[in-house]
1. Looking at the stretch 188-203 only, could you name the residues that are over 21 Å from L148 (Cα atoms) and either near the ligand (Cβ under 10 Å from one of its atoms) or without any contact (Cβ under 8 Å) to a residue 24 or more places away in the chain (or both)?
2. Taking the stretch 246-278, which residues are surrounded by 12 or more Cβ atoms within 10 Å (Cβ to Cβ) and without any contact (Cβ under 8 Å) to a residue 12 or more places away in the chain?
3. Does the stretch 41-58 contain at least one residue that is modelled with pLDDT under 95, open to solvent by less than 60 Å² (accessible area, probe 1.4 Å), among the aliphatic types (A, V, I, L, M) and in a strand (DSSP E or B)?
4. Exactly one condition in (1) of a type in the set (A, V, I, L, M, F, W, C); (2) within 15 Å of the ligand (Cβ to nearest atom); (3) in contact with a strand residue (DSSP E or B) (Cβ under 6 Å, 6 or more places away or on another chain) is not met by A20; state its number.
5. Checking G329 against (1) touching a strand residue (DSSP E or B) at 6+ places or on another chain (Cβ under 8 Å); (2) in a helix (DSSP H, G or I); (3) within 16 Å of the ligand (Cβ to nearest atom); (4) closer than 21 Å to M212 by Cβ, which single condition isn't satisfied?
6. Kindly list the number of the only condition in (1) closer than 23 Å to G253 by Cβ; (2) surrounded by fewer than 20 Cβ atoms within 10 Å (Cβ to Cβ); (3) of a type in the set (S, T, N, Q) that fails for N192.
7. Limited to the stretch 156-187, what total is found for residues that are open to solvent by 50 Å² or more (accessible area, probe 1.4 Å), within 16 Å of the ligand (Cβ to nearest atom) and outside any helix (DSSP H, G or I)?
8. Taking the condition of being touching a residue at least 40 places away in the same chain (Cβ under 8 Å) and outside any helix (DSSP H, G or I), how many residues in the stretch 404-430 meet it?
Amino acid sequence: MVVSLQQHQTRVPIEFTQSAYETALAQYDRAVGKLKLDDNVVEYMRWPQREFTVNFPVRRDNGKIEMFTGYRVHHSTVMGPSKGGIRYSLNVTLDEVRALAMWMTWKCALVNLPYGGAKGGVLVDPKSLSVREREGLTRRYASELLPLISPHSDIPAPDMGTGPQEMAWIMDTYSMTVGYAARAVVTGKPINIGGSQGRTEATGRGVIICMMEALERKGINNPANTSIVIQGFGNVGSHAALYAQELGFKVVGISDIDGGIYNANGLNVPAVRDWMAKTGTVCGFNGASAVTNSELLTLPCDVLIPAAMEGQITEHNAPYIRAKVIVEGANGPTTTEADDIINDRGILLVPDVLANAGGVIVSYFEWVQGLQEFFWDKEEVFRQLERILVRSYDATVATAEKHGVDLRTGAQMTAIQRVGDALLTRGFYP
Ligand code: NAD
């Protein structure tokens, strides 16, 4: 018996004031409006190059077949093979995947990686699947993507709801099909099958590296007196929190999808991580008061790190944010209207394409190591990560200052110019 997806799952009721793709296009229009680009180039880069939708079966543990829908979008392959994560979430839509793919193009170009932008997603609550079902879903989705993915055409990575285990299953499915172990087809793999040292921590660590660049420019340079609030405690949020505390910063607020916790004197982040491992949520952690996710965003703090999902900072809460610096760990957490409010209020915002680029930078290292079959130690990975991020931060500030724009527009202008120049060099085919 075939059961439709909708019979089993309902979307998480999150209200967006602007869709992710509307946000991505509004940002694009803002950036290209400041650049002297050929009109043909501007029009070409507005469009995703390819969009792939798949509907596929998964056998549930009770024996029933259930149909799932997944997407993979390639926004651009101008700079090289397309690169981007795969998301498992009930909020996945083609619109969202399109936006995330476009942001990947700008992110890779900004940090000078030889990649275009892609993204994938499956409309599923990963928590609703047993391990066997998750493996079945991942392998079938991977096999549906076979016409697209390969070490030289499109290289997936983890995103919300996926991690090293899903990447291992995708790598294995691809390898079984081609008949040899093709490690470089995905990044974010476990280390014992060719993953890179430091990949798991890379995005969160990169967020904190960017935060320190921003704080330095704001003249805030005493970590013990600098308080941080983080929305989302998954891969990005938890590693950002752990690294921040390791450097002596005070993490005062943390949340996940179920709610948040706050302690003005600072939370013990490793203890929160252990609590989360035990209970599945940060909520109920001892020695902290409970806050809602919307209260969390407006808590008193020096730095706010949205590290959950898009559309969280809107015109409704931006006027009440008390942070001096916002560092976007998540992709697209701020709507265009909120951007304007934040800029008017003099809050320094480090945009997603720069702030969370640590993940794709170390993914690139992993891909290079996989192709060369030569592996680096963690110190080398972190040294190169910091070098690339600081260089990209400086390039962003230089563009922003030259054109009198905010860092988001500066970052996107830098990236769009690079992709536009490469497009003109390659030419329009045919
Ligand atoms: P994850 O699935 O590991 O964690 C997501 C976290 O956000 C969880 O704690 C979840 O409970 C929380 N969350 C989800 N919805 C929420 C909501 N509505 N309110 C509050 N909290 C909510 O995902 P991740 O890999 O950490 O990714 C988080 C964000 O960072 C995403 O926007 C993703 O695209 C972006 N990102 C991730 C990477 C990476 O390497 N994993 C790289 C770049 C960008």
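1. Across the stretch 188-203, the qualifying residues are I191, N192, R199, T200, E201, A202, T203.
2. E246, D274, W275 - these are the residues of the stretch 246-278 that are surrounded by 12 or more Cβ atoms within 10 Å (Cβ to Cβ) and without any contact (Cβ under 8 Å) to a residue 12 or more places away in the chain.
3. no
4. (3)
5. Of everything listed in (1) touching a strand residue (DSSP E or B) at 6+ places or on another chain (Cβ under 8 Å); (2) in a helix (DSSP H, G or I); (3) within 16 Å of the ligand (Cβ to nearest atom); (4) closer than 21 Å to M212 by Cβ, G329 misses just condition (2).
6. Here N192 meets the rest and fails (1).
7. Looking only at that region, the number is 1.
8. Residues flagged as touching a residue at least 40 places away in the same chain (Cβ under 8 Å) and outside any helix (DSSP H, G or I) within the stretch 404-430 amount to 3.
The values are calculated or read from the model by the stated rules, or taken from the named source; none is laboratory data. Predicted, not measured: the structure shown is a model, and the values here were computed from it. Ideal geometry is used to build each Cβ from the backbone, glycine not excepted, and the neighbour counts take in all protein chains shown. Side chains are part of the model used for accessible areas, which takes the heavy atoms of the whole protein and leaves out ligands, DNA and RNA. Shrake-Rupley method; radii C 1.70, N 1.55, O 1.52, S 1.80 Å.
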